[in-house]
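Let me begin by presenting the structure, written as structure tokens, before commenting on it.
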Amino acid sequence: MRIYLRGTSPDLAQGLLGLLVETRDAQPGEVWLISPWLRDVALPVRGHFASVFGGHREQVPLSEALARLARRHRLTVVIKPPAELVPLAQVGRLVELVEARARMLAEEEVQGYEAVAVALEALNREAAALAAEAARHAETLRMGRVLSAHGAELFFLDRLHAKLLWTPAGALLGSANFTAGGFGGNEEVMAEVTTHREKLLLAEAARELVRRAVHASRYDPSPALRRSGVTPQRLSRWRQLLAAEGCPAVAELLDSLASA
């Protein structure tokens, strides 16, 4: 067993890339990536890893390393469902701000007043902050779509909190999400397991989580939308408004929820 921490040698990111490279040469089999959130982490290419990716690259995105594995192995990805990644309350507040800004701009007779300019600036700042916060988990769904396009099977699991990468070469598990924070900035502990018996137990745990999950093609967000009081019509209106008013990342996130 190997233990990885931030700031050790090798650190978490190097340990992750090492396992992915070793898996590339393993006999074809199952690979499970289970993480509530995903980011396209930049993994450091050093030493003998450089020859694997060609050229003089210093980093490789996690999505590329996983896409390479999907060519040889059956890759299954489990993440949180869209309904847990889209903060509908924040999006609703953002829509209110965008509508208020539009109404203010439409009132020609008040344009030019300093108080109006100050109010608009405040609205813009609050809307920008809300939009950034609302779109914080858009990358998780984007990563899921990218990996699906490369042949991965994508599943959604309610209340997911487990973090596990299982491959024929070994398993990596611990506290870190597969994000830049998890594999760079946060204080995390991850263990790499390579012993046969423990790998078998972790493989069964991965299968059980997949059994509890819903395939992305069968995911229905309607119950979550009803609980939030958001109708499909309102969701569609929000998407159109935010796309037109300069919040494309949030509109894209709502697209993912509507088309899930």
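The values are calculated or read from the model by the stated rules, or taken from the named source; none is laboratory data. What you see is a predicted model; the values in this text were computed from it and never measured. Using ideal geometry, Cβ is built from the backbone for each residue, glycine included, and neighbour counts are taken over all protein chains shown. All accessible areas refer to the heavy atoms of the entire protein, side chains included, with ligands and DNA or RNA removed. Shrake-Rupley method; radii C 1.70, N 1.55, O 1.52, S 1.80 Å.
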Where nothing but the Cβ of Lys and Arg (+1) and of Asp and Glu (-1) is charged, how large is the charge dipole of the chain around its Cα centre, in debye to the nearest 20?
-> 1080 debye
(1) 1.19; (2) 1.36; (3) 1.04, with the label sought being that of the calculated Cα Rg over 2.2 N^0.38 Å = (1)
Burial-style ranking of 251-258, 128-135, 101-108, average other-beta-carbon count within 10 Å with highest first, yields 251-258, 128-135, 101-108
With a probe of 1.4 Å, find how much accessible area the chain has per residue, and write the answer as a whole number in Å².
-> 50 Å²
Peptides ranked, highest mean first, by Cβ atoms within 10 Å: ranges 34-43, 57-66 | 34-43, 57-66
Which three extents, in whole angstrom, do the alpha-carbon atoms of the stretch 155-260 cover along their principal axes, largest first?
-> 53, 32, 21
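Pop out the carbon and sulfur fraction of the accessible area of the chain as a percent, whole number, probe 1.4 Å.
It is 52 percent, rounded to a whole number.
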Using alpha-carbon positions, what is the distance between the centroids of the stretch 124-152 and the stretch 204-219, in Å?
-> 22 Å
